[in-house]
Amino acid sequence: MILLLALLPDSVLVGLMGGSPISSAVVKAGGKTYRIKAKGGRLIVNGVKKKGFKLKNVRFVSPIKGDYKGVMLFVPRGNSFYVINKLPLNEYIASVIASEMGDAPLEALKAQAVLARTFVMRWGKRHGRFHACDRDHCQRYEGVKRVKSVHRVAVKRTSREILTYRGRPVEVLYHASCGGWVCEPKYVWRRGKHLPYFWTGEDSDCFADEHLKYTWKVYAPLKTCPKVKRIPGSLRVYMMLVGRDTLYAYDIRRRFNLPSTVFAYWCTRTGVIFLGTGRGHGVGMCQRGAILKAKKGWNYKEILEFYYRGATIRKAGR
Ligand SMILES: [Zn+2]
Ligand SMILES: [Zn+2]
């Protein structure tokens, strides 16, 4: 079934440097080097003032590094400028899955491709003037750096496919490794939305993989020993009481710089030692779990349906 109302764009605009304006850049294109700055709402390219500027197929020297396909737009704002990459949707998806997963089994990459495309569909121009930034806030995008033929194959074999629930694109959430337990948004964010396809429970492939194998250790100086609440039946912490403060999972990770909230801990006289496993918030698709499942022979539909219960893949219109 084709979703008639939902149209995928042919090309995507990506704001580099996290979508923030920068003050200078050195770029190479077509054998030439360009030094770009901005002043009073105008660009200065190799000493010449311009209203706007664009280049094709560039190689960034600084502060960004690496090769980018498509058109690079430099849009002035005061004494700085935005760097916006316009490229075909499929090129963007290939780069996102390469940046997010690197070398991985094809079925896991296909699952990631469907999610990357669903993200564009759900958010449209999330940043106003562009669809996405190049960081974790949206989806990691590092140009052509890590793109290989397997990534293009994953994009092609999932052409126009997006993940939907009751006819609407799902909320795209994924993380590097659940450490054995995935969870619903309410266990991560204080006002985490209830969405029926997310669930809380064991990701048995990751549990077997990570079980009691603590992969990271963090020490935090702290005067009082915190108390934690764990999701019943799991090691995942969703709340922490530190003195008078109540922290939710997302804030616990930020406050103590923890890769995940699957951890054991103990207090010393001067602080807390956290020993944990997993990386990321634990909601939606677990990239580590997707890879383990693909290696076991699951296909991308089975992988997506495992992490997004009741969701279905559909072809978006164009
Ligand atoms: Zn963003
Ligand atoms: Zn997992």
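For (1) at pLDDT 95 or above; (2) among the small types (G, A, S); (3) closer than 15 Å to L7 by Cα, each residue gets a yes or a no:
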position	(1), (2), (3)
A94	yes, yes, no
K125	no, no, yes
D136	no, no, no
R152	yes, no, no
Matching entry among L258, L241, L235 (being at pLDDT below 95 and assigned by TED's automatic domain parsing to the domain that holds F207)
L235
Can you find a residue in region 141-154 that is within 16 Å of ligand 1 (Cβ to nearest atom) and surrounded by fewer than 20 Cβ atoms within 10 Å (Cβ to Cβ)?
yes
Just checking, how many residues over region 97-106 are crowded, with 24+ Cβ neighbours inside 10 Å and either in contact with an Asp or Glu (Cβ under 9 Å, 6 or more places away or on another chain) or of a type in the set (D, E) (or both)?
1
Conditions (1) over 12 Å from the mean Cα position of the chain (by Cα); (2) within 16 Å of ligand 1 (Cβ to nearest atom); (3) farther than 20 Å from G18 by Cβ -> A104 fails only (2)
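Can you tell me which of G52, G40, G47, G66 is more than 27 Å from the chain's Cα centre (by Cα), within 18 Å of L16 (Cβ to Cβ), loosely packed, with under 15 Cβ neighbours inside 10 Å and assigned by TED's automatic domain parsing to the domain that holds V26? Steps first, please.
On the way: G40 fails: within 18 Å of L16 (Cβ to Cβ); G47 fails: within 18 Å of L16 (Cβ to Cβ); G66 fails: more than 27 Å from the chain's Cα centre (by Cα).
When all the criteria are applied, what remains is G52.
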Across region 123-161, what is the number of residues that are touching a Lys or Arg at 6+ places or on another chain (Cβ under 8 Å) and either within 16 Å of ligand 2 (Cβ to nearest atom) or basic (K, R) (or both)?
2
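Determine whether S80 is among the polar types (S, T, N, Q), more than 16 Å from the chain's Cα centre (by Cα) and not assigned by TED's automatic domain parsing to the domain that holds L304.
Taking the combined requirement at face value, the residue satisfies it.
Does A113 satisfy the condition of being under 20 Å from Q287 (Cα atoms), aliphatic (A, V, I, L, M) and either buried (at least 18 other Cβ atoms within 10 Å of the Cβ) or not assigned by TED's automatic domain parsing to the domain that holds R59 (or both)? Spell out the reasoning first.
Numbers: under 20 Å from Q287 (Cα atoms): yes; aliphatic (A, V, I, L, M): yes; either buried (at least 18 other Cβ atoms within 10 Å of the Cβ) or not assigned by TED's automatic domain parsing to the domain that holds R59 (or both): yes.
Taking the combined requirement at face value, the residue satisfies it.
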Picked from region 38-62 (must be touching a residue at least 24 places away in the same chain (Cβ under 8 Å) and either of a type in the set (K, R) or in contact with a helix residue (DSSP H, G or I) (Cβ under 7 Å, 6 or more places away or on another chain) (or both)), the residue nearest to E142 (Cα to Cα) is R59
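The values are calculated or read from the model by the stated rules, or taken from the named source; none is laboratory data. Worth saying up front: this structure is predicted, and the values here are computed from it rather than measured. Methodologically, a virtual Cβ is constructed for each residue, glycine included, from the backbone with ideal geometry; neighbour enumeration extends over all protein chains shown.
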